[in-house]
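Each remark here refers to the structure printed beneath this line.
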Amino acid sequence: MASPESRFLTCQERNIHFMEWGDSSRDTVVIWHGVTGTCEDHRELAARLSDTYHVICPDSLCCGLSDWAKEDRDTSLGFYADVAEDLFRQLGKSSLRWIGSSKGGGLGIVLAARDNGLEISHLVLNDVGVGLDENFRKALAKGLSSPPVFDRFQEFAGKVRNFLSKMGLELTEQKWHDLIRSYARRTDDGRFTYHYDPRLAVQFAEHPEDFDLWNYYDQVAAKTILIRGAHSIVPDEEARMMAERGPKCSLLDRTGGHVSLMDKLVEQDVILEFLKN
């Protein structure tokens, strides 16, 4: 498997960490993780894509090794877009192919619609639509604001694995270990909790505009595909409307639930073929 380079850049006065794969002179593919993920989530897909593309996998603001929030606006898609635009300007990238999981897909929709001098030619939406059920939003806000803390890593690992398994994720033992290790951090008293900033919850409570993206989606010109899990957070009617409006996305169903590491060959083959044309 190809080895990436770990890098940091200051974007909108925030320190942003990202992994960079492959030859930077090639066409660039960005893989942006979901709300509580990290740049490690889609390592296998990044490695495979790096045979053909230059691949960038950032840690979102408030996640992984990137800065935590300084202001409430830091968790919104609007500020994420400002940060992303700054990142790609510094990297000298004006044309991208975008693969976004969950919140990373919503970010891709916003960026593809904004008049920012950044061309997104291809947009892969991994189980993300233009809205989000209000009850689900409230539950996420509550859960994110108070992440559980555990005395032992093994207890933390069991919690993460149980939760993600219920979300439809199926991994080998080694992949579970690697993923959970990337999600852990020590607290000041030496215990274990999730890596992310609890202020991520602010988005779900104070930025309702992030969960009605039709005004952005209708302006997207990128070739777009929506990949939905068998137990998706994107309702059937919303998916149907996305196939009829804006970029008129193609639709693909996959196994599993909302969370996917896009590590299965069949899913990767579809993405590779989609990005070619």
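The values are calculated or read from the model by the stated rules, or taken from the named source; none is laboratory data. Note that this is a predicted model, so its numbers are computed, not measured. Note that we place each Cβ from the backbone using ideal geometry, even for glycine, and neighbour counts take in every protein chain shown.
Just a few scattered comments:
- The sole residue among Ala230, Ala205 that is surrounded by 14 or more Cβ atoms within 10 Å (Cβ to Cβ) and modelled with pLDDT under 95 is Ala205.
So that you can scan it fast, the table gives a plain yes or no per residue for (1) touching a strand residue (DSSP E or B) at 6+ places or on another chain (Cβ under 6 Å); (2) surrounded by fewer than 15 Cβ atoms within 10 Å (Cβ to Cβ):
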site	(1), (2)
Leu49	yes, no
Ile56	yes, no
Ser60	no, no
Asp67	yes, no
Leu87	yes, no
Trp98	yes, no
Asn126	yes, no
Arg152	no, yes
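- Among the residues examined, Ser121 does not qualify as modelled with pLDDT of 95 or more, among the small types (Gly, Ala, Ser) and crowded, with 16+ Cβ neighbours inside 10 Å.
- None of Val149, Val83, Val124, Val128 is within 16 Å of Val29 (Cα to Cα) and in contact with a Lys or Arg (Cβ under 9 Å, 6 or more places away or on another chain) except Val124.
- Contacts under 7 angstrom Cβ, first residue in segment 189-214 being within 12 Å of Leu77 (Cβ to Cβ), partner at pLDDT 95 or above and of a type in the set (Gly, Ala, Ser), 6 or more apart: Gln203/Ser76; His207/Ser76; Asp210/Ser76; Asp210/Gly106; Phe211/Gly131; Asp212/Gly131; Leu213/Gly106
- In segment 186-194 there is no residue matching the filter, namely being within 20 Å of Asp127 (Cβ to Cβ), touching a helix residue (DSSP H, G or I) at 6+ places or on another chain (Cβ under 8 Å) and surrounded by 13 or more Cβ atoms within 10 Å (Cβ to Cβ).
- Residue check, Arg199 over 20 Å from Glu267 (Cα atoms), at pLDDT 95 or above, outside any loop (DSSP other than H, G, I, E, B) and out of contact with any Cys (no Cβ under 9 Å at 6 or more places or on another chain): no
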